[in-house]
1. When the residues of the stretch 247-270 are narrowed to those that are surrounded by fewer than 15 Cβ atoms within 10 Å (Cβ to Cβ) and over 18 Å from Met296 (Cβ atoms), which ends up nearest to the chain's Cα centre (by Cα)?
2. If you check Tyr73, Tyr84, Tyr66, Tyr80, which single one turns out to be among the hydroxyl-bearing types (Ser, Thr, Tyr) and in contact with a helix residue (DSSP H, G or I) (Cβ under 6 Å, 6 or more places away or on another chain)?
3. Being farther than 19 Å from Leu154 by Cα and in contact with a Lys or Arg (Cβ under 8 Å, 6 or more places away or on another chain) is the filter here; which residues of the stretch 90-107 pass it?
4. Kindly indicate whether any position in the stretch 193-206 is among the basic types (Lys, Arg), under 14 Å from the mean Cα position of the chain (by Cα) and within 26 Å of Met1 (Cβ to Cβ).
5. Take Pro157 and tell me if it is of a type outside the set (Asp, Glu) and within 30 Å of Ser132 (Cα to Cα).
6. I want to confirm something. Restricting to the stretch 141-167 and keeping residues that are small (Gly, Ala, Ser) and more than 18 Å from the chain's Cα centre (by Cα), which single residue is surrounded by the most Cβ atoms within 10 Å (Cβ to Cβ)?
7. Residue check, Asp191 against (1) part of a strand (DSSP E or B); (2) closer than 22 Å to Ile153 by Cβ, all met but one. Which one?
8. For a quick check of your reading of the model, give me the residue pairs whose first member lies in the stretch 98-120 and is in contact (Cβ under 8 Å) with a residue 24 or more places away in the chain, whose second is polar (S, T, N, Q), with beta-carbon atoms closer than 7 Å and at least 6 apart or on different chains.
Amino acid sequence: MSLILTEALTKTFNGTNAVDQIDLSIKEGVCTALLGPNGAGKTTTLNMLTGLMKKSSGNIIFDKRYSGDRRKYIGYLPQYPKFYSWMTGEEYVIYSGQLGGISKQEAIKKTDDLLAMVGLSDDKRKKIAGYSGGMKQRLGIAQALIHDPKLLILDEPVSALDPIGRREVLELMKTLKKKTSILFSTHVLHDAEEVCEDIFIIKKGKVVVEGNLGELQKKYQKPTIYIETEEPLESWSQSLKDIEWLRHIEADNTKLTITVENIDVAREYILNNTGLRNLNIKSFQVAKTTLEDLFMEVTK
């Protein structure tokens with residue numbers, strides 16, 4: 001069941017469509033990734049979904065079971081969250097809860113549980129000024145959850161973090177998706193593959209690829225052959241360009257990457273090719289393209 005739908009959602013700035021008639025379906029109980037290069041329209045889309053920005057045209061439809069202003073059902077962590085550095089983590093989450101309309105007593109109770117969940121119990125009375133980047137992101141997630149939202153929206157939650165902070169937040173997202181629906185934006189497809197079930201790839205404000213992660217992997221992954229030789233093979237690679245089983249070829253001096261339709265036919269042809277053997281093969285590996293390859297192909 002879809003928790004939130006968009007129909008031809010559009011945002012125009014100075015005559016240019018930053019978001020161009022996007023149709024999204026964010027399912028309840030699912031972690032969904034909004035993927036795209038910088039400037040693709042991800043943040044603008046999220047800002048319209050959260051109600052922070054008015055749409056130019058189109059529709060945003062929230063599940064009718066949750067009546068009234070949809071913002072009370074959404075928790076949001078922006079890409080560059082701002083904190084009051086003089087507050088402690090505990091004070092900040094309690095303050096956020098009161099801003100969200102819950103009583104101070106309830107906010108205090110929930111804050112303890114949330115800070116424990118995000119791993120900040122031992123630092124809850126520490127000034128935010130002393131928090132690391134990963135700690136601040138986890139604090140931001142706690143404040144986004146204080147009012148028990150149905151949908152948690154995270155804008156580039158790990159892009160500014162070091163490897164340790166990034167791992168902390170990704171592991172937390174794996175835990176959170178068992179309890180609430182998540183929509184997050186990123187330009188790193190590997191992160192999406194690790195935590196999400198559905199993906200939407202956008203380019204210049206338009207959706208170019210969408211679907212279930214597993215189904216997209218089956219649909220778009222292709223057999224790939226990696227070859228390395230002692231002698232330059234760019235000239236030899238030209239002989240492959242008109243072969244029907246070839247899907248894509250990329251040569252760089254002594255290294256060659258070939259994406260093919262039929263791995264058995266391709267492997268037999270290449271290994272029996274006298275011209276290639278004369279270049280002294282150092283390495284021959286068979287693998288599959290990744291969704292990151294697809295992401296690079298559709299967004300370049």
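Throughout, read-outs are computed from the coordinates displayed, never taken from laboratory work. What you are looking at is a predicted structure, and each value in this text was computed from that prediction instead of being measured. Don't worry about glycine lacking a Cβ; one is built from the backbone with ideal geometry, like all the others, and counts go over all protein chains shown.
1. So the residue we want is Glu261.
2. On the way: Tyr73 fails: in contact with a helix residue (DSSP H, G or I) (Cβ under 6 Å, 6 or more places away or on another chain); Tyr84 fails: in contact with a helix residue (DSSP H, G or I) (Cβ under 6 Å, 6 or more places away or on another chain); Tyr80 fails: in contact with a helix residue (DSSP H, G or I) (Cβ under 6 Å, 6 or more places away or on another chain).
Of Tyr73, Tyr84, Tyr66, Tyr80, the one residue that is among the hydroxyl-bearing types (Ser, Thr, Tyr) and in contact with a helix residue (DSSP H, G or I) (Cβ under 6 Å, 6 or more places away or on another chain) is Tyr66.
3. Within the stretch 90-107, Glu90, Ile94, Gln98, Gly101, Ile102 meet the criteria.
4. Keep residues of the stretch 193-206 that are among the basic types (Lys, Arg), which gives 203-204, 206.
Right, trim to under 14 Å from the mean Cα position of the chain (by Cα) and you get 203.
With the extra rule that they be within 26 Å of Met1 (Cβ to Cβ), the set shrinks to none.
Taking every residue of the stretch 193-206 in turn, none turns out to be among the basic types (Lys, Arg), under 14 Å from the mean Cα position of the chain (by Cα) and within 26 Å of Met1 (Cβ to Cβ).
5. Working: of a type outside the set (Asp, Glu): yes; within 30 Å of Ser132 (Cα to Cα): yes.
It is true that Pro157 is of a type outside the set (Asp, Glu) and within 30 Å of Ser132 (Cα to Cα).
6. Checked the stretch 141-167; the qualifying residue surrounded by the most Cβ atoms within 10 Å (Cβ to Cβ) is Ala142.
7. If we test Asp191 against (1) part of a strand (DSSP E or B); (2) closer than 22 Å to Ile153 by Cβ, just (1) comes out false.
8. Close Cβ pairs (under 7 Å, with a partner that is polar (S, T, N, Q)) amount to Ala107/Gln98; Leu115/Ser121.
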